[in-house]
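First the structure, in the form of structure tokens, and then the observations on it.
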Amino acid sequence: MEQRHLGRTGLRVSRIGLGTLTWGRDTDEHDAADQMKAFWEAGGTLIDTADVYGGGEAEYLLGQLVERLVPRRDLIIATKAGSVPDPYRRFDGSRGHLLAALDASLERLGTDYVDLWQIHAFDTGTPLEETLHALDIAVTSGRARYAGVSNFCGWQLAKAATWQLASPGIRTRLASSQMEYSLLQRGVEREVLPAAIDLGVGLLPSSPLGRGVLTGKYRHTTPPDSRGASELLAPFVEPYLDEAASRIVDAVATAAEGLATTPLEVALAWVRDRPGVVAPIIGARNAQQLTAALSVESLSLPDEICQALDDVSAPVHRYPDQDWSTL
């Protein structure tokens, strides 16, 4: 699998990442092991998790599989901290919480360091410089090799990345920003992606298949074994089952038919090769699904197909997001 630099750093990662959102909850040890083995054998290196996935079970399961199945040196392990199970405070970006969470993650993962440590979301209740200081401590102490953020809007990302570049002292450059991005969700193109490209921050798209909708599996019905049929995840899928999404899915299916491939590969190739994107993060239910996604490695979409998909999925960008001199 092709490797790409993560932002303006020397770290190289596979251009498809493996997500572990359901590990330890819906994905058991057997399926997780099959996924990791298939991913590694395909040349994949980037595995993304978080301290809250499965209440910590995703990290624990990943830690159990590393070395037993795949050498630690062959993997780029990325995790996140900052989300908290508190009904009154969804995110805690305080230095104390973040560093304690990192130590707990390392223990569950069974490793001395993570390759990429990410702030899961922006915490309005904590000064940003305090949150960023936790990243600096994590890197200078050797507990993390690189640092990034997740779910930061445009101004938040720009402020954080600029602070790290301009503030005096030893600061850790932001390597990445993880955000939802797909043909069904192009909101990052308004401000996040331009800021990331300008500041040398690599984008790691989550839900690159539109929460599974872009595979075409929901075109006629809801498969009983799908996320859309799950009581827990159905509300996660439902926003992308409207008429506008249906038109985009139909266009993806038409493109796939013309290219003699699958809607999954078309949708994934589109987002993988967008400007500023480093590695879409794929969350699969089993190794068979993952292998189908990894087959995208040999596909590059023709310019005409990309343009057609751009047109059918184009978000409305008005003042002041784009060039408004002609308005």
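The values are calculated or read from the model by the stated rules, or taken from the named source; none is laboratory data. The model shown is predicted, which means the values in this text are computed figures rather than measured ones. Backbone-built Cβ (ideal geometry, glycine too); neighbour counts: all protein chains shown. What goes into the accessible areas is simple: the full protein's heavy atoms, side chains included, and nothing from ligands, DNA or RNA. Shrake-Rupley method; radii C 1.70, N 1.55, O 1.52, S 1.80 Å.
The residue pairs whose first member lies in segment 201-218 and is under 22 Å from Asp250 (Cα atoms), whose second member is part of a helix (DSSP H, G or I) and of a type in the set (Ser, Thr, Tyr), and whose beta carbons are closer than 7 Å, counting only pairs six or more residues apart or on different chains, are Leu209/Thr215; Gly210/Tyr240; Arg211/Tyr240; Val213/Tyr240. Applying the condition of being free of Cβ contacts under 8 Å to residues at least 24 places away in the same chain and assigned to a helix (DSSP H, G or I) to segment 228-238 and asking which residue is surrounded by the most Cβ atoms within 10 Å (Cβ to Cβ) yields Gly228. Of all residues in segment 30-52, those satisfying the criterion of being without any contact (Cβ under 8 Å) to a residue 40 or more places away in the chain and out of contact with any Asp or Glu (no Cβ under 7 Å at 6 or more places or on another chain) are His30, Ala32, Ala33, Met36, Glu41, Ile47. Kindly indicate whether Leu193 is touching a helix residue (DSSP H, G or I) at 6+ places or on another chain (Cβ under 6 Å) and of a type in the set (A, V, I, L, M, F, W, C). Against the criterion (touching a helix residue (DSSP H, G or I) at 6+ places or on another chain (Cβ under 6 Å) and of a type in the set (A, V, I, L, M, F, W, C)), Leu193 does not qualify.
Exactly one residue out of Ala101, Ala166 is out of contact with any Pro (no Cβ under 9 Å at 6 or more places or on another chain), more than 22 Å from Arg12 (Cα to Cα) and crowded, with 19+ Cβ neighbours inside 10 Å: that is Ala101. Taken over segment 208-227, residues that are open to solvent by less than 30 Å² (accessible area, probe 1.4 Å) and either at pLDDT 90 or above or in a helix (DSSP H, G or I) (or both) amount to 7. Being among the polar types (S, T, N, Q), open to solvent by 20 Å² or more (accessible area, probe 1.4 Å) and in a loop (DSSP other than H, G, I, E, B) is not true of Thr172.
Scanning segment 77-93 for residues that are touching a residue at least 60 places away in the same chain (Cβ under 8 Å) and hydrophobic (A, V, I, L, M, F, W, C) yields one hit, Ala78. Among what's in segment 250-277 and is open to solvent by 10 Å² or more (accessible area, probe 1.4 Å) and within 16 Å of Ser207 (Cβ to Cβ), pick the residue that is farthest from the chain's Cα centre (by Cα). It comes out as Pro263.
The condition (being in a strand (DSSP E or B) and surrounded by fewer than 19 Cβ atoms within 10 Å (Cβ to Cβ)) is satisfied by just one residue among Arg8, Arg4: Arg4. Tell me which residues, restricted to segment 50-103, are among the basic types (Lys, Arg) and over 19 Å from the mean Cα position of the chain (by Cα). If the condition is that a residue be among the basic types (Lys, Arg) and over 19 Å from the mean Cα position of the chain (by Cα), then Arg68, Arg72, Arg73, Arg89, Arg90, Arg95 are the ones that fit.
Any residue in segment 160-181 that is at pLDDT 95 or above, more than 19 Å from Lys80 (Cα to Cα) and in contact with a Gly (Cβ under 7 Å, 6 or more places away or on another chain)? Looking through segment 160-181, none of the residues is at pLDDT 95 or above, more than 19 Å from Lys80 (Cα to Cα) and in contact with a Gly (Cβ under 7 Å, 6 or more places away or on another chain). Filtering segment 58-76 to residues that are in contact with a strand residue (DSSP E or B) (Cβ under 7 Å, 6 or more places away or on another chain) and either in contact (Cβ under 8 Å) with a residue 60 or more places away in the chain or surrounded by fewer than 16 Cβ atoms within 10 Å (Cβ to Cβ) (or both) leaves Arg72, Ile76. Take the residues in segment 261-281 that are touching a strand residue (DSSP E or B) at 6+ places or on another chain (Cβ under 6 Å) and either at pLDDT below 95 or not in a helix (DSSP H, G or I) (or both), then tell me which one is farthest from Gly17 (Cα to Cα). Checked segment 261-281; the qualifying residue farthest from Gly17 (Cα to Cα) is Gly276. Has segment 105-118 got any residue that is in contact with a Phe, Trp or Tyr (Cβ under 6 Å, 6 or more places away or on another chain) and open to solvent by 20 Å² or more (accessible area, probe 1.4 Å)? Yes, segment 105-118 has at least one match. If only residues of segment 131-155 that are open to solvent by less than 50 Å² (accessible area, probe 1.4 Å), out of contact with any Ser or Thr (no Cβ under 6 Å at 6 or more places or on another chain) and in a helix (DSSP H, G or I) are counted, the one that is nearest to Pro205 (Cα to Cα) is Gly154.
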